[in-house]
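As structure tokens, the structure follows; a few thoughts come after it.
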Amino acid sequence: LDKQSVGTILSSGIFLTTRYRYRLAAREGEVLKRVPEEEADKAEWKKHQSDSGNVVAGGSYCRLLIPDTEIFSLFQNKRPDCVKWLEAHPDGADEVFETIVRIV
């Protein structure tokens with residue numbers, strides 16, 4: 001990894017965490033029936049027509065087109081590499097965090 005990739009990974013994770021409503025929620029003891037993705041998308045769109053979550057200006061629904069589990073997996077897999085890079089490059093880490101603050 002390099003300074004740019006670490007900054008991109010970390011700022012993307014923070015940006016999505018603060019601005020995107022993930023369609024996953026774990027609730028203790030909850031059991032759900034699996035629904036075909038098209039039906040889930042239609043239900044989600046209906047829900048968000050009256051809700052402000054993941055709706056951009058103009059009223060169009062904002063989907064990442066990547067399953068939420070893949071996003072979580074990506075950030076979880078890259079996090080240890082980012083931490084190692086930040087620890088090995090303290091001067092670069094300062095720049096990365098300043099960039100993240102500007103972006104987010």
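The values are calculated or read from the model by the stated rules, or taken from the named source; none is laboratory data. The model shown is predicted, which means the values in this text are computed figures rather than measured ones. Here the Cβ positions follow ideal geometry from the backbone for every residue, glycine too, while neighbour counts run over all protein chains shown. The accessibility values were calculated without ligands, DNA or RNA, using every heavy atom of the protein model including side chains. Shrake-Rupley method; radii C 1.70, N 1.55, O 1.52, S 1.80 Å.
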Checking Pro80 against (1) open to solvent by 70 Å² or more (accessible area, probe 1.4 Å); (2) modelled with pLDDT of 85 or more; (3) within 18 Å of the chain's Cα centre (by Cα): exactly one of these is not met. Which one?
(1)
Among the residues of segment 18-34, is any of a type outside the set (A, V, I, L, M, F, W, C) and modelled with pLDDT of 85 or more?
yes
Within segment 87-104, which residues are surrounded by 11 or more Cβ atoms within 10 Å (Cβ to Cβ) and over 21 Å from the mean Cα position of the chain (by Cα)?
His89, Gly92, Ala93, Asp94, Glu95
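With the structure loaded, tell me whether Glu44 is among the charged types (D, E, K, R), at pLDDT below 90 and open to solvent by less than 50 Å² (accessible area, probe 1.4 Å) or whether it fails that test.
So Glu44 passes the test.
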